[in-house]
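The values are calculated or read from the model by the stated rules, or taken from the named source; none is laboratory data. Computed from a predicted model, the values in this text were never measured in an experiment. Note that we place each Cβ from the backbone using ideal geometry, even for glycine, and neighbour counts take in every protein chain shown. Remember, those area values only see protein heavy atoms, side chains included, never the ligands or the DNA or RNA. Shrake-Rupley method; radii C 1.70, N 1.55, O 1.52, S 1.80 Å.
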Amino acid sequence: QVQLVESGGGLVQPGGSLRLSCAASGTIFNIDNMGWYRQAPGKKRELVASITKGGSTNYADSVKGRFTISRDDTKNTVYLQMSSLKAEDTAVYLCYVHVDVRIYWGQGTQVTVSS
């Protein structure tokens with residue numbers, strides 16, 4: 001079994017920054033893609049960013065130039081550095097990790113951008 005633990009969410013003012021982390025633990029042989037989705041009230045779940053095992057990244061248009069995804073395979077961890085945050089970035093952020101043949105999800109962390 002694999003567990004994902006997210007951290008780093010919180011309340012931040014517009015223009016501020018936050019760094020989210022998602023660490024995978026348990027029986028892990030191989031991690032492929034890792035990434036982040038977000039879910040805002042009344043909106044569809046949106047893919048924010050993803051990163052392959054080889055380091056290729058993909059971003060939603062709404063966050064390009066502001067968010068950076070990275071991973072540390074020695075720690076089985078994926079990060080999301082968020083800068084120039086806007087009110088519309090407010091959402092629950094959920095990480096996912098492809099471990100072996102399954103996809104696992106984090107519990108979600110709330111990010112609120114407000115003055």
> On average, how much area does the Cα convex hull of the range 59-102 cover when viewed from any direction, in nm²?
Replying inline: 4.0
> Over the range 51-102, what is the mean sequence separation of C-alpha contacts under 8 Å (at least six apart), divided by residue count, expressed as relative contact order in percent?
Replying inline: 24
> Where Lys and Arg each count +1 and Asp and Glu each count -1, what net charge lies around Ala24 among other residues with Cβ under 14 Å from its Cβ?
Replying inline: -1
> What percent do you get for the relative contact order of the chain when only Cα pairs under 8 Å and 6+ apart count?
Replying inline: 37
> What does the charge add up to near Leu85, with Lys and Arg as +1, Asp and Glu as -1, over the other residues with Cβ less than 15 Å from its Cβ?
Replying inline: +3
> With all protein chains present, how much of the accessible area of the chain (probe radius 1.4 Å) comes from carbon and sulfur, to the nearest whole percent?
Replying inline: 49
> When the Karplus curve 6.51 cos²θ - 1.76 cosθ + 1.60 is applied with θ = phi - 60°, which whole-Hz ³J(HN,Hα) does each residue of the range 28-44 get, with x for Gly and Pro?
Replying inline: 10, 9, 8, 10, 9, 5, 9, x, 9, 10, 9, 9, 9, x, x, 10, 6
> Which percentage, to the nearest 5, of the DSSP beta bridges contained in the chain is antiparallel?
Replying inline: 95
>> Please list, in order along the range 67-84, the HN-Hα scalar couplings obtained from phi with the Karplus expression 6.51 cos²θ - 1.76 cosθ + 1.60 (θ = phi - 60°), rounded to whole Hz, x for Gly and Pro.
In response: 10, 9, 9, 8, 9, 10, 6, 6, 10, 6, 10, 10, 10, 9, 8, 10, 10, 6
